[in-house]
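Asker: Please read through the structure below; I'll follow up with questions.
The values are calculated or read from the model by the stated rules, or taken from the named source; none is laboratory data. Quick caveat: nothing in here was measured; it's all calculated off a predicted structure. For neighbour counting, all protein chains shown are included, and Cβ atoms are generated from backbone atoms with ideal geometry for every residue, glycine included.
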Amino acid sequence: MYHTIEFRKELAVDLEVSPKLPLERLAVREGTRTKVQIKPYVIETEDGLIEVADLYFADGTTTRMVPFESFFFVE
């Protein structure tokens, strides 16, 4: 299921285009809206637990470990 999200701050993410190609750096602007499938999980850092998600874009690209505080659901 795809959800529409909006990024609440500027963010630089590593985009997986293909397993055979190197990661591409993508700069996302604050206010950018996009449709994604979301796989949420929690990671442990030095500062404690953080909720993150892998984002699967409609064009087939993926970015991983995006903090939930970086985006919100528009729907």
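Asker: Only one residue in 52, 17, 42 is under 12 Å from the mean Cα position of the chain (by Cα) and among the hydrophobic types (A, V, I, L, M, F, W, C), so which one is that?
Answerer: Being under 12 Å from the mean Cα position of the chain (by Cα) and among the hydrophobic types (A, V, I, L, M, F, W, C) holds for just one of 52, 17, 42, which is 52.
Asker: Give me the pairs: first residue in the range 1-23 and over 14 Å from residue 54 (Cα atoms) and basic (Lys, Arg), second residue at pLDDT 95 or above and assigned to a loop (DSSP other than H, G, I, E, B), beta-carbon distance under 9 Å, and six or more apart or on different chains, which are they?
Answerer: Every condition considered, the pairs that remain are 8/30; 8/31; 9/30.
Asker: Just for the range 1-24: of the residues that are at pLDDT below 95 and of a type in the set (Lys, Arg), which one is nearest to residue 62 (Cα to Cα)?
Answerer: Among them, the one singled out is 20.
Asker: So, residue 47, is that one of a type in the set (Asp, Glu) and either within 11 Å of the chain's Cα centre (by Cα) or surrounded by 13 or more Cβ atoms within 10 Å (Cβ to Cβ) (or both) or not?
Answerer: It is false that residue 47 is of a type in the set (Asp, Glu) and either within 11 Å of the chain's Cα centre (by Cα) or surrounded by 13 or more Cβ atoms within 10 Å (Cβ to Cβ) (or both).
Asker: If you go through the range 4-34 one residue at a time, how many are part of a strand (DSSP E or B), under 15 Å from residue 70 (Cα atoms) and not small (Gly, Ala, Ser)?
Answerer: The number of residues fulfilling the criteria is 11.
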